[in-house]
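Worksheet for the structure shown next.
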Number of protein chains: 2
Amino acid sequence: MCMVESVDRIKTRTRSPLSEAESKSLLAGYGVPMVREAVAMHEDEAVALSESIGFPVVLKGVGKNIAHKTERGLVKVNLKSSGEVLNSFRTLKEAGGDDWEECLVQPFIQGRREFVAGLARDPQFGPVVMFGLGGIFTEAIGDVVFRIAPLNESDARDMIGELASCTLLGAFRGEAAADTGRLVRVLTGLSRLGLERPDIEEVDINPMIVGPDGGVTAVDALVVLGSGEGKTATPDEKNVSETTEEINAAIEIMTHPKSVAVMGVTRTPGDGFPGMYACIRNFGYPGRLYPVNPKADEIDGVKAYPDLVSLPEQVDLVVISVPAPLVPDALRDCIASGNKNIHIFTSGFKETGEEAGLKLHAEIEKIAREGGLRVVGPNCMGFYVPASRMLTWTEASTESGPVSFISQSGGNAQDFTSYASSRLGIHFSKVISYGNALTLDSTDFLEYLARDDETRIIAMYLEGVKDGRKLFDLISGINLKKPVIVMKGGLSESGARAVASHTGSMAGAEKIWRAFFRQTGAVRVDSLEEMAEVAKAFIHFRKCGGRRAVILGTGGGVGVAAADSCAKAGLELPVLPPDLLEQLREFIPPAGNMITNPIDAHLVLLDHKVFAHTLDILSGTPYLDMFIISLHLDWLRSREQGTLIEKIGRFIVDEARRHTNGKPLVVVVRQYQPNPQTKECRSGLEEILLKGGVPAYESLQKAVFALSKLAAYHAFIAAR
Amino acid sequence: MCMVESVDRIKTRTRSPLSEAESKSLLAGYGVPMVREAVAMHEDEAVALSESIGFPVVLKGVGKNIAHKTERGLVKVNLKSSGEVLNSFRTLKEAGGDDWEECLVQPFIQGRREFVAGLARDPQFGPVVMFGLGGIFTEAIGDVVFRIAPLNESDARDMIGELASCTLLGAFRGEAAADTGRLVRVLTGLSRLGLERPDIEEVDINPMIVGPDGGVTAVDALVVLGSGEGKTATPDEKNVSETTEEINAAIEIMTHPKSVAVMGVTRTPGDGFPGMYACIRNFGYPGRLYPVNPKADEIDGVKAYPDLVSLPEQVDLVVISVPAPLVPDALRDCIASGNKNIHIFTSGFKETGEEAGLKLHAEIEKIAREGGLRVVGPNCMGFYVPASRMLTWTEASTESGPVSFISQSGGNAQDFTSYASSRLGIHFSKVISYGNALTLDSTDFLEYLARDDETRIIAMYLEGVKDGRKLFDLISGINLKKPVIVMKGGLSESGARAVASHTGSMAGAEKIWRAFFRQTGAVRVDSLEEMAEVAKAFIHFRKCGGRRAVILGTGGGVGVAAADSCAKAGLELPVLPPDLLEQLREFIPPAGNMITNPIDAHLVLLDHKVFAHTLDILSGTPYLDMFIISLHLDWLRSREQGTLIEKIGRFIVDEARRHTNGKPLVVVVRQYQPNPQTKECRSGLEEILLKGGVPAYESLQKAVFALSKLAAYHAFIAAR
């Protein structure tokens, strides 16, 4: 019987397992090494088949109404003789009763190493391939990894290597290494199957046994058909019926508008949030700004318009901040007046999870789609673009920088940019808060930023995504040219619940997102603070050759903690080799100067010739990839009336980097005592470093974390 | 043959395995359910034994020169008939050749669930019991846990529950739950064995099979004898030949000295570290302070003495800061003058890892022990006791508090106390930096602080310990009365290396230290920053009933991150039950006020009656254990010209706590914008909270981490 026919025949049912034989035949066609088997209807047939297969064999009683063979006693393994086969056949037939239809005869595959492989459909990313430790341990240990399809060979190899128990696949206790090539074919085959057959909901191959000779055999498998609808993660609807180029052009206009109309403007209140109109005006927006309010002739001394139709021109951007029930009419006004670029600030839609909000959401979605509107929001803070003096929240730096930030959360958009620019000197090119993503989604903004010359680094705060596959494809490509730093909120169970009530987006399972990061190479951070620290490293360093760091500075206990931090973050803090130590000892005397790594040497900080020479020697070797200078300000302040601190800062900015051979160098500024003189020295130092383009961190942990992400990113790029 | 005799006979060898039979017989005596077995010298004997045991059986060829039976093909399993036994016997005898002595006949134990148990000797803690997933997965998965002996039943149960794969021990895939009582007896038996038999170096029981009926059978086991010397973690030497009471009294005098002599005083330098003498004087030490310097008549205008013998009195504390080679003579001077309480600041001893330092270390150790000196150091910063105005470093707060801190690292002692007191308002009773621990060790200071009424919380920074078992016993007891917060440095490989070069102490393996924390209940932190955050929570809250938190505040994206943080730290952020939501909705309208958890409700912060009522309702339920108030200062500052912030602070301090039913309440102060007015409001708020005794944290992550440690501590105490 042709497998495909059989599948097509069953396809009308909603969710139904294929038979064991059908499952195996289908999978064999996709490279899965299924165990040989034959069907026996009669006991003499079973004996004859067993003899031709060779003992020991396995006998299974099967039938379309039999689901759990093992539990029903319908599997007999390790049958070593015709007699045993005969007895077992009778037993199985009796145990199966009316459900019994036939027996399967298979060789008894022996192997202590059992794995499991499979295919599932993720609601956000579509087909995902699974591989893990099998046998009875699958659930108990939970050592399984995922990949988002499609997988190429190198993805499959990386996937296998990620398994905690992958040592079992090497030569192991007298058994040969597993046939990895075969495993790779299984995983890439499952990926192909997932893409070619949207009607297949799930595949479960368990166990897949690795024999003593390393051979791989799938002994049991189940294929489940689904409806084949909506689970393939093909985009449910095109966001707006425009080309990518058209959307890009529109976003360029929205982020650099020559004219803006704000609907729902009231007189600026003395207290609390001043409203969208005042935010834009206060930030110094130089374009034409129109307040719209049907109940007022003027707002804050400026002529107000009753509606968009009455405006003297079509505007580049309409900002809607009327109450939620009035938003549908506002959108109709947009359509009537030919205004297509909209930011809806108003909340009260699907994020409420309540019926009224959901209904209103559906209504505005329909209006927007039918009217071909390009909508940012609703339930979002909108835009911050320093170069065009565009800001739809209260306060931000007017300085531009190389980072752009896309944030589902408006609060995070404001808080992150405020924190990053005021505390860490990180400046932005475009910041877009897009909330419920009515028509324009993160992927639209990503495509725009990918082509935006002013954006060198993209940071994203994501809760859920509408089209996970598109996000995956986009980031996979963009990240190779511009680092994409992603914080994914809602990966824990309670976090996912909070996401649901926050933006109504679907938060994905942690293991799938782990695959997302592993495959795209996007830089994963788990907090906005981490995002800022990592962005700082990417701003300053465009390359990084490895993960071996050297720390120069002072203080014993801190060295221990630094070493522990490096180990945790995956940086190496290698012991310096004897030839290097010898070279250093030529000009650094032992007293008070430890030259292990960390290098805890007073002389290095006190004598800048020694400092430069040390850097020359260290950077000239192939042993080290990056430098961390740790400055203990409380100690340094006691030297040369505090002027030493400034001197060191200037030395690092003006000289040190010339001695690092292009390798990243960061400074850790440690201050514990509240001494005001130290604080003053610190401000001076931080200003020197910031102006000089040397990233400073306030703890070794933070520096180590940021550098580890930098190293991992460049290792990923180098491997492509 | 009597097992004990056989062991005694072999004891003279350094490290030798017992035979399989001897091993099993010994272990059976300690409650290990060894598989039945019998010895067969002849083939007919093997057949007869098999028939009496019942098929299937296992045959093993053994002999004292046979180590790896399986690899040599000397194990035959699942023999189902006399014929198979006969054939196997002949095969084994031939395969064993001259090494073959006899065959063991055992029933073939079938079970898919394999575990391992064992005993090892940790260089710091002595006998440790191991339990883990067995079979071929032991090494590949590494799911093993340790406990420091002795183990009682409840320790053993906790140990079993800690295993990641412990679900395998429940009813599992049609097989019965494992006989946990038997497993507990195995683990407690191994603990007893470890304590009673110091000559036994190692026990390895692998596999221990859990059968389908839940029965536990150890199938193979190996016992290795060691020298029996120095590995039992009995203290190598008593630190000083005094009673605990005498040492306590001495430490009390050293921390509250009426007179101090400083050896190696030079004129206070204008630059850099001012020296011990100036440190003590500058801190306002009110007692009699004598500079000792054979080359000067006066120091900074004060009469100097050539040596201790010339002093007008014996002093309560001698501080030695002469160069390392002069320390032996300085100690001799101490002995000659009858001064016994010494702090050696000088470094250059075993921490250098170099020959000269090690030699000097041995010399001063000999002098100190023979002279009965009580030595803090060398290579350490010594004392900080605000109440007695004693400080041997440059700068510290003069305010006393309930926390005492013992630190192996001098740098950490200074940095942590400076940071904690100046930034977080945490104040100290006694801080002791003890470096290389020549005679007085962490355990001596612990015993002192345990009895010190002014110390309510003990914080420790440890690198290595001389007497791990004593530390374990002490902290086990003290922690039940005073929380002991421990940061253990050097748990990573590179960290351990840094420890070695830092204090020459031995850093223990991570898994053993994990057992240490689990068994003692000591609060584990991994950085000084974490230590400070946790100490703050312990200062303010003396009880905590559980781990279910509610967050009140504003800002959507932050709610998602908060939920993720709680999940990571092991706090729960429960969904509020319908009856609670209903009660809240009676006075909190839906618009702008989400009342899921986190509760993102403007009204709660704006109307303090609503705030108090909300707290009353939440704290009155059994669903919640703690409150986190999250204040977004940038937003709050825009309300009521910033006065709202101060009002909320006063409300929390004066009112809110009366409405929390004694449950912990902390405040998170979030500020992202650099606005100076916000900064000012923030200082005011933090002062109000600090004075009012409400701990404030600068991020939700930090608050959640500290509260999770508080909850875990009290859960541990409650379980005892």
- Filtered hits (aspartates and glutamates, Cα-Cα < 15 Å from A:K69, offset >= 8 within chain) -> A:E20, A:E94, A:D98, A:D99, A:E101, A:E102, A:D220
- Here the gain from full extension of A:E399 to A:K64, 0.36 nm per residue of separation minus their alpha-carbon distance, amounts to 113.7 nm
- Item | Expected 222 nm ellipticity per residue - DSSP helices of 4 or more, -39500 (n - 2.57), all of chain A, to 500 | -12000 deg cm²/dmol
- Let me know the shape class of region B:592-657, please: from the alpha-carbon gyration tensor, a ≥ b ≥ c as square roots of the eigenvalues, rounded when a/c is under 1.5, otherwise prolate if a/b is greater than b/c, or oblate. prolate
- Message: Compute the angle between helix A:643-654 and the longest alpha-carbon principal axis of chain A, please, reported from 0 to 90 degrees and rounded to the nearest 10.
- Response: 60
- 5 angstrom amide H check on B:M34, placed H, neighbours 5+ away: B:A218
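Which pairs in the list A:K24/A:K511; B:K481/B:K647; A:K466/B:K702 are over 30 Å apart, alpha-carbon to alpha-carbon?
Exceeds cut-off: B:K481/B:K647; A:K466/B:K702.
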- Note on the structure: Given backbone amide H placed at 1.01 Å from N, residues whose amide H is under 5 Å from that of A:L225, ignoring those fewer than 5 places away on the same chain, are A:S16, A:L18, A:E201
- Please give the FRET efficiency for A:A176 paired with B:E680, using the beta carbon to beta carbon distance and R0 = 56 Å, rounded to the nearest 0.05. 0.20
- For the pair B and A, how large is the buried accessible area, both sides, in square angstrom to the nearest 100, if the probe is 1.4 Å? 5700
- Starting from the Cα of B:K359, draw a straight line to each of the aspartates and glutamates and keep only those under 12 Å, dropping any in the same chain fewer than 8 residues away. B:E351
- Query: Once the other residues with Cβ under 9 Å from the Cβ of B:V260 are scored (Lys, Arg +1; Asp, Glu -1), what is the net sum?
  - Reply: +1
- Within-11-Å neighbourhood charge of A:I367 [Cβ basis; K, R +1; D, E -1]: -2
- To the nearest whole number, what is the average tally of beta carbon atoms from other chains within 10 Å of the beta carbons of peptide B:561-570? 6
- Amide H neighbours of A:E102 under 5 Å, at least 5 residues apart or on other chains, H built in the peptide plane: list them. A:V62
- Item | Heavy atoms of A:H68 accessible to a 1.4 Å probe, total area in Å² rounded to 10 | 120
- Message: How many angstrom lie between the Cα centre of region A:600-620 and the Cα centre of region A:277-302?
- Response: 59
- Compute the distance in nm between two label points, each set 7 Å from the Cα along the Cα-to-Cβ direction, one at B:F273 and one at B:R72. 6.1
- Task: Please identify which residues in region A:657-681 have an amide N closer than 16 Å to a label point set 7 Å out from the Cα of A:E646, following the Cα→Cβ vector.
- Result: A:677-681
- Highest-first arrangement of B:53-64, A:160-171, where packing means the average Cβ count within 10 Å: B:53-64, A:160-171
- How far is it, in nm, from the label point at A:L358 to the one at A:H608 when both lie 7 Å from their Cα along the line to the Cβ? 6.7
- Pseudo-label separations to other copies for B:R72 - Cα-to-Cβ vector, 7 Å, nm: 4.9
- Query: Going by alpha carbons, how many degrees (0 to 90, nearest 10) lie between the helix axis of B:676-692 and the longest principal axis of chain B?
  - Reply: 70
- If you put a point 7 Å past Cα along the Cβ direction, how far is that point for A:K511 from the same point in each other copy, in nm, smallest first? 2.4
- Rounded, prolate or oblate (a/c below 1.5 giving rounded, otherwise prolate when a/b exceeds b/c) for region B:303-411 by Cα gyration tensor: oblate
- Could you list the square roots of 5 times each eigenvalue of the Cα gyration tensor of region A:666-717, that is, the equivalent ellipsoid semi-axes, sorted largest first and rounded to whole Å? 27, 13, 4
- Measure off, as a whole percent, the carbon and sulfur share of the 1.4 Å-probe accessible area of chain A, all protein chains present. 52
- Query: Which shape class applies to chain B: rounded if a/c is under 1.5, otherwise prolate when a/b exceeds b/c and oblate if not, where a ≥ b ≥ c are the square roots of the Cα gyration tensor eigenvalues?
  - Reply: oblate
- Counting only heavy atoms of the protein chains, get the accessible area per residue of the protein assembly as shown (1.4 Å probe) and round it to a whole Å² value. 38
- Message: Can you give me the angle between helix B:244-255 and the longest principal axis of chain B, using Cα atoms only, in degrees from 0 to 90, rounded to the nearest 10?
- Response: 30
- Query: Around A:D297, what is the net charge, scoring Lys/Arg as +1 and Asp/Glu as -1 over all other residues with Cβ under 13 Å from its Cβ?
  - Reply: +1
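The values are calculated or read from the model by the stated rules, or taken from the named source; none is laboratory data. It should be emphasised that the depicted structure is a prediction, and the values quoted were computed from it without experimental measurement. As a convention, Cβ positions derive from the backbone with ideal geometry for all residues, glycine included, and neighbour counts pool all protein chains shown. Keep in mind that these areas ignore ligands, DNA and RNA; they rest on the heavy atoms of the full protein, side chains included. Shrake-Rupley method; radii C 1.70, N 1.55, O 1.52, S 1.80 Å.
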